[in-house]
Amino acid sequence: MQKLVAIKGMNDILPPDSARWEWLEEKVRSLMARYAYRNIRTPIVEPTPLFVRGLGEVTDIVEKEMYSFEDRLNGEQLTLRPEATAGVVRAVVEHNMLYDGGKRLYYMGPMFRHERPQRGRYRQFHQIGAEALGFGGPEVDAEIILLAHALWAELGLTNVRLELNSLGQPDERRAHRAALIAYLEQHQDVMDEEARRRMYSNPLRVLDTKNPAMQDMVNAAPRLIDFLGEASLRHFDTVKAILDANGVAWSINPRLVRGMDYYNLTVFEFITEQLGSQGTICGGGRYDYLIEQIGGKSAPAVGWALGVERVLELLKEQAAQAPQPAADAYAVVPDAAALPQVMVCLQQLRALGVAVQMHSPANSAEGMGSMKSQFKKADASGARFALIFGSDELARGAVTVKPLRDGGEQVERPLATPADWAASLQSPR
Ligand code: ATP
Ligand code: MG
């Protein structure tokens with residue numbers, strides 16, 4: 001039969017690698033709880049118009065990256081979510097979640113974009129995101145940036161820098177837009193086809209180009225920040241002051257516009273130089289007009305999303321610590337006749353918090369396997385102890401505990417009272 005393989009750009013996450021994922025997710029859960037952000041889980045498939053309306057028609061995602069299809073049963077246009085903010089906002093509106101005030105939310109999960117697969121860029125990838133909805137003040141922009149910054153510290157990541165910009169408000173953007181289009185019209189000779197196509201429909205996005213030949217041109221383009229009014233500047237200044245007071249370094253990138261249309265005021269990215277051209281590990285900003293755009297009652301919001309694959313890749317680069325789990329103990333069982341008694345003991349130990357891996361032969365017709373082969377497996381498992389359920393000890397109502405790692409004598413423990421000795425098997429977790 002022909003071998004079936006996964007779709008290009010969509011990866012299996014296997015042990016032992018998956019342990020790093022769980023470790024990261026645990027760190028995130030604990031940190032989100034300390035900032036009072038609550039978990040939200042929305043569907044992976046949403047109606048296509050949600051993204052077209054939410055992200056903007058002239059965006060990379062909507063123009064060319066969405067996995068869209070027709071529901072075979074009713075013809076509805078559906079899309080695998082390319083990002084989660086639009087879905088979160090839909091859910092918040094649908095369930096009237098802001099009726100009693102703002103909400104702080106976070107999510108984790110797979111996203112789908114049809115991109116050219118390469119290091120740090122996949123077709124199914126994973127994001128963790130934080131969204132604070134219903135809060136308009138600059139302290140929430142700062143809070144959510146501080147939250148991401150704290151996460152890097154918790155993970156042991158270093159050399160992640162923060163870039164900031166302010167996109168102002170729609171009227172300020174309109175004035176800048178006119179100046180920008182006039183400028184771009186003067187420089188069409190260095191613009192690529194995509195830029196020329198977007199020059200009128202989404203000129204801000206032209207500034208976001210990765211085309212090296214256009215960098216000088218976009219660097220000299222009119223800067224949005226120079227078009228901001230007093231209120232926008234004051235908002236931005238407060239964000240910066242809070243970051244400064246917390247010792248969080250930042251730099252202004254006047255060309256930082258972000259991929260989606262929905263942003264206003266503060267936008268930011270966390271960037272590393274250690275992942276090549278896929279160096280943005282986290283990006284976000286304020287999106288005060290999205291909720292209304294998706295049909296809700298107007299309310300401000302701010303959020304970010306990080307790329308899990310990129311964060312984990314950076315962790316590997318920096319050899320930051322992510323523990324590889326091993327069981328505390330490996331059960332060696334010379335005689336299959338003892339299995340019922342052995343497994344009662346293992347269940348008791350697990351209930352007491354001990355991680356126990358059981359020896360299991362591939363083919364039970366040949367018995368449990370030689371002691372030698374069982375000890376080889378025990379060693380390879382990384383467990384700190386072997387529990388030897390030999391018939392002599394079992395006859396005495398006991399099990400032998402043999403240290404496999406740190407030396408020390410083997411001892412016999414009574415099967416009747418596992419609570420008295422279970423703790424001696426546990427490594428600190
Ligand atoms: P890029 O400019 O690298 O395409 P983006 O602006 O499209 O990124 P966002 O939509 O802001 O990315 O998503 C937030 C984060 O999700 C990114 O900073 C990145 O870490 C991660 N990310 C985005 N697209 C992918 C992908 N195809 N594969 C892996 N991670 C991704
Ligand atoms: Mg992208």
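Out of Glu366, Glu412, I need the residue that is more than 21 Å from Gln324 (Cα to Cα) and at pLDDT 95 or above. Which one?
Glu412
For segment 345-363, which positions are at pLDDT below 95 and hydrophobic (A, V, I, L, M, F, W, C)?
Within segment 345-363, just Ala362 meets the criteria.
Could you check segment 373-410 and list, in sequence order, the residues that are open to solvent by 40 Å² or more (accessible area, probe 1.4 Å) and either over 14 Å from Val333 (Cβ atoms) or touching a residue at least 60 places away in the same chain (Cβ under 8 Å) (or both)?
First, the residues of segment 373-410 that are open to solvent by 40 Å² or more (accessible area, probe 1.4 Å): 373, 375-377, 379-380, 384, 391-392, 395-396, 402, 405-410.
Residues satisfying the conditions are Lys376, Asp379, Ala380, Arg384, Ala395, Arg396, Arg405, Asp406, Gly407, Gly408, Glu409, Gln410.
Residues to consider are Leu164, Leu233, Leu204, Leu243; find the one that is in contact with a Lys or Arg (Cβ under 8 Å, 6 or more places away or on another chain), touching a residue at least 12 places away in the same chain (Cβ under 8 Å) and in the same structural domain as Val62 (by TED's automatic domain parsing).
Details: Leu233 fails: in contact with a Lys or Arg (Cβ under 8 Å, 6 or more places away or on another chain); Leu204 fails: in the same structural domain as Val62 (by TED's automatic domain parsing); Leu243 fails: in contact with a Lys or Arg (Cβ under 8 Å, 6 or more places away or on another chain).
Going through Leu164, Leu233, Leu204, Leu243 in turn, just one is in contact with a Lys or Arg (Cβ under 8 Å, 6 or more places away or on another chain), touching a residue at least 12 places away in the same chain (Cβ under 8 Å) and in the same structural domain as Val62 (by TED's automatic domain parsing): Leu164.
Looking at segment 253-359, what strands (runs of 3 or more DSSP E) fall wholly within it and have at least 3 residues that are over 20 Å from Val140 (Cα atoms)?
Details: elements: 264-271, 280-286, 301-307, 329-332, 356-358.
Result: 329-332, 356-358.
Considering only residues of segment 98-139 that are charged (D, E, K, R), under 19 Å from Arg34 (Cα atoms) and assigned to a strand (DSSP E or B), which is least open to solvent (accessible area, probe 1.4 Å)?
Step one: filter segment 98-139 for residues charged (D, E, K, R), giving 100, 103-104, 113, 115-116, 119, 121, 123, 131, 139.
From the residues that got through so far, the ones that are under 19 Å from Arg34 (Cα atoms) too are 103-104, 131, 139.
Within this subset, residues satisfying the condition of being assigned to a strand (DSSP E or B) are 103-104, 131.
On the way: Lys103: 54, Arg104: 66, Glu131: 3 Å².
Filtering segment 98-139 for residues that are charged (D, E, K, R), under 19 Å from Arg34 (Cα atoms) and assigned to a strand (DSSP E or B), the one least open to solvent (accessible area, probe 1.4 Å) comes out as Glu131.
Scan segment 37-76 for residues that are touching a residue at least 40 places away in the same chain (Cβ under 8 Å), outside any loop (DSSP other than H, G, I, E, B) and among the charged types (D, E, K, R) and jot them down.
Hits for segment 37-76 are Arg38, Glu46, Arg53, Asp60, Lys64, Glu65.
Among the candidates Ala19, Ala86, which residue alone is surrounded by 17 or more Cβ atoms within 10 Å (Cβ to Cβ) and not acidic (Asp, Glu)?
Just a single option satisfies the conditions, and that option is Ala86.
Name the residue that is nearest to ligand 2 (Cβ to nearest atom), counting only residues in segment 275-287 that are over 14 Å from Leu306 (Cα atoms) and at pLDDT 95 or above.
It comes out as Tyr287.
Which pairs turn up if I take residues in segment 113-137 that are assigned by TED's automatic domain parsing to the domain that holds Leu233 and among the acidic types (Asp, Glu) and look for partners that are away from ligand 2 (no atom under 16 Å from the Cβ) and open to solvent by 40 Å² or more (accessible area, probe 1.4 Å) with beta carbon separation below 8 Å, at least 6 apart in sequence or on another chain?
Note: pairs meeting the criteria are Glu131/Arg104.
Run Met66 past the list (1) surrounded by fewer than 17 Cβ atoms within 10 Å (Cβ to Cβ); (2) within 14 Å of ligand 2 (Cβ to nearest atom) and report the number of the one that doesn't hold.
Failed condition: (1).
Can you find a residue in segment 175-186 that is within 14 Å of ligand 1 (Cβ to nearest atom) and either surrounded by fewer than 21 Cβ atoms within 10 Å (Cβ to Cβ) or under 28 Å from Val92 (Cβ atoms) (or both)? Walk me through how you get there before you give the answer.
Narrowing segment 175-186 to residues within 14 Å of ligand 1 (Cβ to nearest atom): none.
Looking for residues that are within 14 Å of ligand 1 (Cβ to nearest atom) and either surrounded by fewer than 21 Cβ atoms within 10 Å (Cβ to Cβ) or under 28 Å from Val92 (Cβ atoms) (or both), one finds none in segment 175-186, hence no.
In segment 77-84, is there at least one residue being closer than 19 Å to Phe268 by Cβ and free of Cβ contacts under 8 Å to residues at least 60 places away in the same chain?
No, segment 77-84 has no match at all.
How about segment 158-174: which of its residues are surrounded by 13 or more Cβ atoms within 10 Å (Cβ to Cβ) and in a loop (DSSP other than H, G, I, E, B)? Working first, answer last.
Just the residues of segment 158-174 that are surrounded by 13 or more Cβ atoms within 10 Å (Cβ to Cβ), to begin with: 160-169, 172-173.
Once the filter is applied, which keeps residues that are surrounded by 13 or more Cβ atoms within 10 Å (Cβ to Cβ) and in a loop (DSSP other than H, G, I, E, B), segment 158-174 yields Val160, Leu167, Gly168, Gln169.
Quick one: which residue in Ala153, Ala142, Ala148 is assigned to a helix (DSSP H, G or I) and either open to solvent by 10 Å² or more (accessible area, probe 1.4 Å) or at pLDDT below 95 (or both)?
Numbers: Ala142 fails: either open to solvent by 10 Å² or more (accessible area, probe 1.4 Å) or at pLDDT below 95 (or both); Ala148 fails: either open to solvent by 10 Å² or more (accessible area, probe 1.4 Å) or at pLDDT below 95 (or both).
Of Ala153, Ala142, Ala148, the one residue that is assigned to a helix (DSSP H, G or I) and either open to solvent by 10 Å² or more (accessible area, probe 1.4 Å) or at pLDDT below 95 (or both) is Ala153.
The values are calculated or read from the model by the stated rules, or taken from the named source; none is laboratory data. Bear in mind that the values here come from a model prediction, so they are computed numbers and not experimental data. Ideal geometry is used to build each Cβ from the backbone, glycine not excepted, and the neighbour counts take in all protein chains shown. Note: accessible area is taken over every heavy atom of the protein model, side chains too, but ligands, DNA and RNA are not part of it. Shrake-Rupley method; radii C 1.70, N 1.55, O 1.52, S 1.80 Å.
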